[in-house]
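> One structure is given below, represented as structure tokens, and several questions about it will come after.
The values are calculated or read from the model by the stated rules, or taken from the named source; none is laboratory data. Quick caveat: nothing in here was measured; it's all calculated off a predicted structure. Neighbour counts run over all protein chains shown; Cβ positions are idealised from the backbone, glycine included.
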Amino acid sequence: MMAQYDFRFCSAFGYPLRVQRQLTQIVNRVLERVCSVESILVVGSTARGELSYIDTEDDLRLFSDYELVLLTQREVNCKKRYSLALEVDQLGRCLNPGNPLFHVDLAWYPLHRLPRLRHTVAIFEQKKTGKVVWGKDYRHLMPEITIQSLSKKDVNEILYKRLWALLLYLPQEFFKSSLTSEIKDVATYVLVRNALDLTTVLLPYAGVLLPTYAQRVEYLADNYGRLELERVFGPKFPRFLAACLEGRDILSWEGSLFVLYAQVVGYLEHTLRYLLARQGQAVDDVSRAIQAYSPLIFREWLPRRAEIKHALRVLRGRLSLQQAIRWPGLSHKGLLTACLIQIHRSMIAHLSGNRPEAHAALQLAQSLLDPLISRPLSRLNFDGPFIRSWLALRRDCGYFWWEFVRRGGPVSCQRIRALTDYV
């Protein structure tokens, strides 16, 4: 079946032949299982020419994931989508065994929905850089997204997703200061990749919408002196991002990765502070401010059905009518963001040797997660190793992310469990 696929972009970007072979196997599997597919696009870093990997004679280590968009004649039911997602995810793990970062993501759009897709960065990138590998090119049906039509709140939500990605994908060994060569590669990629999305969030506020990291970093470097961002983020910010872009390409970082971790978390907090300030809110501590003012920068609204569903989960799991009643009125994304900030602060304090601050931040993180989650939280035990309590709370965060953000999807459940299990 390979002859009917269009993988010319792989050669244009200089990707190893094994990338094309893996994509072929994945596309084959999709077409074997779903007869209503009209078109398949490769999107994300693979389609942008920004796939991150180490290629040796014996092995291909992928750090980026493969993302595919399936365009179908009609809606495909959840059972079939979940079944294929699990099958393709298993295939991806067979193609790249032992790699904690790699996975295969499938997005599904029926053709009639294309003109009504949300005006997000993801859809903008898919239209501009997506590669049609099978079927007809329907991207012209996708909306024309401009800087004016772009949903800024969707853009802003990238920030708490980056805070979560740092928490999920940085290996346990990194937090235990066990930095082997392989752990350094993984940690470097996770840190610099998540830092690069600072450009994704900030440039739209400068009136600029670009589809790749390389273009965003270059624009920022060339125009920084005339942007408001220089006053807010200081003169070293473009050089930091340029170093992150290079680090993503070569999977190496000069200097301490623990210092880089603190820098990335600090810049993410600083960006949240900047966005709140643009809404007229003076921010002392961003963790407190985001709880109070998150509806100004995030989409906190939920459909009534989803509110009831989650409240019932809380009632069943926590056996608390009061907590279930309170749940719909909470600023869910604000509390989640504040929790993620505090759990990162606790680890940074721990790595710096500040035991009281580490414990206080971890306790605060747990108190922020407590009203959100539908199962009892792990008990923090500061008599034992700090890392065990920290990893237990990370696992609790993963459960809430799965049930609230990922809506209980089976693939994300497996992935989160695999990454947050601890010993």
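> Assuming GLU269 fulfils every condition listed in (1) under 23 Å from the mean Cα position of the chain (by Cα); (2) within 28 Å of GLY49 (Cα to Cα); (3) charged (D, E, K, R); (4) at pLDDT 95 or above apart from one, which condition is it?
Here GLU269 meets the rest and fails (2).
> Which condition number in (1) without any contact (Cβ under 8 Å) to a residue 60 or more places away in the chain; (2) closer than 21 Å to LYS153 by Cα; (3) crowded, with 21+ Cβ neighbours inside 10 Å; (4) of a type outside the set (Lys, Arg) is the one that LEU202 fails?
It is condition (1) that LEU202 fails.
> Next question. Hey, among the residues in the range 183-199 that are under 21 Å from ALA221 (Cβ atoms) and among the charged types (D, E, K, R), which one's surrounded by the fewest Cβ atoms within 10 Å (Cβ to Cβ)?
The selected residue is ASP197.
> Do you know which of the residues in the range 402-417 that are more than 28 Å from ALA360 (Cα to Cα) and in contact (Cβ under 8 Å) with a residue 24 or more places away in the chain is nearest to the chain's Cα centre (by Cα)?
ARG415
> Might you check whether a residue that is closer than 20 Å to PRO97 by Cα and small (Gly, Ala, Ser) occurs anywhere in the range 57-76?
Checking the range 57-76: at least one residue is closer than 20 Å to PRO97 by Cα and small (Gly, Ala, Ser).
> Within the range 369-390, how many residues turn out to be farther than 18 Å from GLY317 by Cβ and either surrounded by fewer than 20 Cβ atoms within 10 Å (Cβ to Cβ) or basic (Lys, Arg) (or both)?
Qualifying residue count, the range 369-390: 9.
> Tell me whether the range 378-401 contains one or more residues that are among the polar types (S, T, N, Q) and under 19 Å from the mean Cα position of the chain (by Cα).
The answer is no; no qualifying residue exists.
> Here is a further query. Can we say GLU269 is in a helix (DSSP H, G or I), under 24 Å from HIS350 (Cα atoms) and charged (D, E, K, R)?
Judged against the criteria, GLU269 is a match.
> Pull up the range 89-142, narrow it to residues that are touching a Lys or Arg at 6+ places or on another chain (Cβ under 8 Å) and acidic (Asp, Glu), then point me to the one that is surrounded by the most Cβ atoms within 10 Å (Cβ to Cβ).
The residue in question is GLU125.
> Checking the structure you have, find out if any residue of the range 321-334 is farther than 20 Å from CYS397 by Cβ, within 26 Å of the chain's Cα centre (by Cα) and surrounded by 13 or more Cβ atoms within 10 Å (Cβ to Cβ).
yes
> What number of residues in the range 278-308 are surrounded by 14 or more Cβ atoms within 10 Å (Cβ to Cβ) and free of Cβ contacts under 8 Å to residues at least 40 places away in the same chain?
Residues that pass the stated criteria total 9.
> Moving on. Among the residues of the range 45-60, are any surrounded by 22 or more Cβ atoms within 10 Å (Cβ to Cβ) and under 19 Å from GLU87 (Cβ atoms)?
No; the residues of the range 45-60 include none that is surrounded by 22 or more Cβ atoms within 10 Å (Cβ to Cβ) and under 19 Å from GLU87 (Cβ atoms).
Each row is one residue, and each column tells you yes or no for (1) hydroxyl-bearing (Ser, Thr, Tyr); (2) more than 28 Å from VAL264 (Cα to Cα); (3) assigned by TED's automatic domain parsing to the domain that holds PRO410.
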{"site": "PHE102", "(1), (2), (3)": "no, no, no"}
{"site": "LEU111", "(1), (2), (3)": "no, yes, no"}
{"site": "GLU125", "(1), (2), (3)": "no, no, no"}
{"site": "LYS131", "(1), (2), (3)": "no, yes, no"}
{"site": "GLU157", "(1), (2), (3)": "no, no, yes"}
{"site": "LEU179", "(1), (2), (3)": "no, no, yes"}
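> All but one of (1) in contact (Cβ under 8 Å) with a residue 24 or more places away in the chain; (2) part of a helix (DSSP H, G or I); (3) more than 19 Å from PHE102 (Cα to Cα) hold for LEU179, so report the exception by its number.
(2)
> Condition test on VAL42, is it at pLDDT 90 or above and not in a helix (DSSP H, G or I)?
In short, yes.
> For the range 52-165, please list each of the strands (runs of 3 or more DSSP E) lying entirely inside it that holds at least 2 residues being at pLDDT 95 or above.
66-72, 104-110, 131-135
> Can you name the number of the only condition in (1) closer than 25 Å to TYR189 by Cα; (2) touching a strand residue (DSSP E or B) at 6+ places or on another chain (Cβ under 7 Å) that TYR15 fails?
(2)
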